[in-house]
Amino acid sequence: MVEEQVKSRGICDENVIQAMLKVERHLFVPKRLQDEAYEDYPLQIGESQTISQPYMVAAMTAELELSPEDKVLEIGTGSGYQSAILAEIVSEVFTIEWIDMLAKRAKLLLEELDYKNIFVEIGDGSLGWQGNAPYDGILVTSGAPEMPELLFEQLRENGRLVIPIGGRIVQTLTKITKIKGKSHKKQLFDCMFVPLLGVYGWKN
Ligand code: SAM
């Protein structure tokens, strides 16, 4: 997976590569799909939600430009796989999931895997998690109609927000850097994510 889907497509951040080599992706997908866990596509994880394609996880993580001392906020815990990748690289990962069942299942699995630096919360991640702000990186793993203002506010100076922005079906992966309090946007590539719900997301 790492050789063929990640390195060969230009991801060279060694922290990302090592994290993806270490985290066992098949543990994060339903048993009946474990044979497909390392394939080049997203998989269903229940509740009409998905675990993202491995390359997408790698690309989004690399765009965050993380260092070991960083604190990261993830919106959309889903299976917990992306949270585990982040937790291998940074000091603390705060992750919010809208769907109760997914949040509880991911929390349990991440505890079983002994991740002590991941904190899972159930709720509307489009509002961020003010109590632990500011963050060096914020990663949104569902598609937003526009940049959620509160997420930008919760970024540290020089912090990076990586988020799919666009329509309900197709979005553009966008990287927003906070420089002198202002947002600097870079559009990366087109992508397809499940919708971000909530106050700063889609309404249903
Ligand atoms: N990062 C996940 C993984 O590694 O498995 C994949 C996440 S999946 C593509 C997107 C997730 O975002 C879904 O689980 C969905 O329930 C969640 N979501 C959608 N809107 C949300 C919101 N406002 N707050 C928190 N989670 C949200």
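FYI, it's all coordinate maths here, none of it is from the lab. The shown structure was predicted, so the numbers you read here are calculated from the model rather than taken from an experiment. Virtual Cβ from ideal backbone geometry, glycine too; neighbours counted across all protein chains shown.
Distance in nm between label sites at Arg168 and Lys186, each 7 Å beyond Cα in the beta-carbon direction?
Result for the modelled spin labels: 3.2 nm.
Hey, got the dipole for the chain? About the Cα centre, +1 on K and R Cβ, -1 on D and E Cβ, debye to the nearest 20?
That gives the chain a dipole magnitude of about 520 debye.
Expected output is a single nm value to one decimal: the length gained when fully extending between Gln18 and Lys31, i.e. 0.36 nm times separation in residues minus the C-alpha distance. What is it?
Length difference between fully extended and current span is 2.2 nm.
Could you compute Rg(Cα) / (2.2 N^0.38 Å) for the chain, with N its residue count?
0.93
Report the extension gain between Met101 and Glu146 in nm, rounded to one decimal, defined as 0.36 nm multiplied by the number of residues separating them, less their alpha carbon distance.
Fully extending the segment from Met101 to Glu146 adds 13.5 nm.
Quick one: which residues, 5 or more positions from Leu155 or on another chain, have an amide H under 5 Å from its amide H? H modelled 1.01 Å from N in the peptide plane, none for Pro or chain starts.
Counting only residues 5 or more places away or on other chains, the set is Tyr135.
On the first, second and third principal axes, largest extent first, how far apart are the outermost C-alpha atoms of the range 48-110 in Å?
31, 22, 17
In whole Hz, what ³J(HN,Hα) sequence does the range 12-21 give by Karplus (6.51, -1.76, 1.60; θ = phi - 60°), x for Gly and Pro?
Along the range 12-21, the couplings run 10, 5, 4, 4, 5, 4, 5, 5, 6, 6 Hz.
I need the calculated FRET efficiency for the pair Lys116 and Glu4, taking r as the beta carbon distance and R₀ as 30 Å, to the nearest 0.05.
Using R0 = 30 Å, I get an efficiency of 0.40.
Provide the per-residue ³J(HN,Hα) series for the range 56-72, in order, calculated from phi with Karplus coefficients 6.51, -1.76, 1.60 and θ = phi - 60°, each as a whole number of Hz, with x at glycine and proline positions.
Each residue of the range 56-72 in turn: 5, 4, 5, 5, 5, 5, 4, 5, 6, 6, 8, 10, x, 8, 6, 10, 10 Hz.
With no solvent and one equal point scatterer placed on each C-alpha of the range 144-192, evaluate the Debye formula and give log10 I(q)/I(0) for q = 0.18 Å⁻¹, two decimals.
Evaluating at q = 0.18 Å⁻¹ gives log10 I(q)/I(0) of -0.51.
Explain nothing, just the number: relative contact order of the chain, from Cα pairs under 8 Å at least 6 residues apart, as a whole percent.
Contact order relative to length: 15 percent.
Beyond 21 Å, how much of the Cα-Cα pair distribution for the range 121-204 remains, as a whole percent?
Percentage above 21 Å: 23.
For Leu43, which sequence-distant residues (separation of 5 or more, or a different chain) have an amide H within less than 5 Å of its own amide H, given hydrogens modelled in the peptide plane?
Ile51
Determine ³J(HN,Hα), in whole Hz, for all residues of the range 127-134 in sequence, where each value follows from phi through the Karplus function 6.51 cos²θ - 1.76 cosθ + 1.60 and θ = phi - 60°; x replaces Gly and Pro.
Per residue, the Karplus-derived 3J(HN,Hα) values read 8, x, 9, 4, x, 10, 5, x Hz.
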